[in-house]
Amino acid sequence: MAIVIPYTKMNGIGNAITVVDLRGQRQRMTSGMARAIAAEPRARFDQMMVIHDPRTPGTDAFVSIFNTDGSPTGACGNGTRCVAGLLFAESDAATLTLETSAGLLNIWRREGGLIAVDMGRPRFDWQDIPLAEEFRDTRAIELQIGPIDDPVLHSPAVVNMGNPHAVFFVDDDPNGYDLERFGPMLENHPIFPERANITISRVDSRDHLTNLTWERGTGITRACGSAACAAAVSAARKKMADRSVTVSLPGGDLFIEWRDDDHVLMTGPWELEHCGEVEIPEPVTAVAL
């Protein structure tokens, strides 16, 4: 029997976000439902953010996150800003705390309609990313595309920012690389048992990077907030950039600060596009939240 799901279509600097609010309901989103919603043109998303009632005292909501292919993920910085924008509109609160499967996220209003999200601490140990084999130095692992003696891309930095990331640093325009072709191969490489987000990043100066990202389970997107954080901390680890940088993405800019307490703060805009409903065939499964 078909069901009707209300949704809010948003974006974070071009990252297509669909928000489904299930607060006050005993329901959960399934991977099949997420794929069905993504198949509807007006509701299509790079990531879907599903808002639930809080699970942990002191938090404002629990948020589950799905990629276009229905796979769950633990982090989406642009989507988190969109959810925060909706929740901030409900009150005069200056701060929020959201919970995802990756942990707690503290969020602040900023001037000019911007929102800042504490994306947590980056994890660099090979087991935490995770990788299928040990690499003591994750600033550059043995992975390449192309001939051994003349690779097109090689030696990415790897980091977990709530989800796995591999960042290939290049000297020229990231858009000059065929990421549409390389992305699926790298995302699904055996070295990444949970797959990975793949970013090509250019360091323009000590305080500016330019990114292009193939998102795990989605493909090339106009913006990926966790990838911006991954590139920023990786560039800082490699002494290529400072700990506060602007990251330019196809959809716009994010400001990333890797603070002295090891937390990564991401600041950027959000936008409401439209509200609607989508009818899908798969039933909702009732569970206690």
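The values are calculated or read from the model by the stated rules, or taken from the named source; none is laboratory data. Because the structure is a prediction, the values reported are computed rather than measured. All Cβ positions, even for glycine, are placed from backbone atoms using ideal geometry, and neighbour counts span all protein chains on display. Heads up: the accessible areas ignore ligands, DNA and RNA and are worked out on the full protein's heavy atoms, side chains in. Shrake-Rupley method; radii C 1.70, N 1.55, O 1.52, S 1.80 Å.
Numbers at a glance
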| quantity | calculated |
| --- | --- |
| Residues located in the stretch 105-131, provided they are of a type in the set (K, R), more than 24 Å from R216 (Cα to Cα) and not in a loop (DSSP other than H, G, I, E, B) | R109 |
| Every pair of residues 6+ apart whose Cβ atoms lie under 7 Å, when the first sits in the stretch 262-289 and is more than 19 Å from R109 (Cβ to Cβ) and among the aliphatic types (A, V, I, L, M) while the second is assigned to a loop (DSSP other than H, G, I, E, B) and at pLDDT below 85 | I280/A2; V284/Q27; A286/R26; A286/Q27; V287/R26; A288/R26; L289/R26 |
| Yes/no for A236 being open to solvent by less than 50 Å² (accessible area, probe 1.4 Å), over 21 Å from G252 (Cβ atoms) and either assigned to a strand (DSSP E or B) or in contact with a strand residue (DSSP E or B) (Cβ under 8 Å, 6 or more places away or on another chain) (or both) | yes |
| Top-ranked residue in the stretch 77-104 [being in a loop (DSSP other than H, G, I, E, B) and among the polar types (S, T, N, Q); ranked as least open to solvent (accessible area, probe 1.4 Å)] | S91 |
| The lone exception for A61 - which of (1) open to solvent by 40 Å² or more (accessible area, probe 1.4 Å); (2) of a type in the set (G, A, S); (3) touching a residue at least 24 places away in the same chain (Cβ under 8 Å) it fails | (1) |
| Filtered residue count, the stretch 133-148, keeping only those that are open to solvent by 40 Å² or more (accessible area, probe 1.4 Å) and β-branched (V, I, T) | 1 |
| Residue that is least open to solvent (accessible area, probe 1.4 Å) [pool: residues in the stretch 247-262 that are in contact with a Lys or Arg (Cβ under 6 Å, 6 or more places away or on another chain) and assigned to a loop (DSSP other than H, G, I, E, B)] | G251 |
| P151 being open to solvent by less than 30 Å² (accessible area, probe 1.4 Å) and either touching a Phe, Trp or Tyr at 6+ places or on another chain (Cβ under 7 Å) or part of a loop (DSSP other than H, G, I, E, B) (or both) | no |
| One residue from E194, E142, E215, E180 being touching a Ser or Thr at 6+ places or on another chain (Cβ under 9 Å), under 26 Å from G32 (Cα atoms) and of a type in the set (D, E) | E215 |
| Any hit, the stretch 52-74, residues being in a strand (DSSP E or B), out of contact with any Asp or Glu (no Cβ under 7 Å at 6 or more places or on another chain) and hydroxyl-bearing (S, T, Y) | yes |
| In the stretch 10-40, the residues that are within 20 Å of D53 (Cβ to Cβ), in a loop (DSSP other than H, G, I, E, B) and open to solvent by 20 Å² or more (accessible area, probe 1.4 Å) | R23, G24, Q25, R26, Q27 |
| Pairs where the first residue, in the stretch 105-116, is at positive phi and the second is outside any strand (DSSP E or B) and open to solvent by less than 60 Å² (accessible area, probe 1.4 Å), C-beta under 9 Å, 6+ apart | G112/P269; G113/G85; G113/P269 |
| The stretch 228-241 residues that are in contact (Cβ under 8 Å) with a residue 12 or more places away in the chain and within 14 Å of I200 (Cβ to Cβ), paired with ones that are part of a loop (DSSP other than H, G, I, E, B) and not basic (K, R) (beta carbon under 6 Å, 6 or more apart) | A230/M161; A235/A241 |
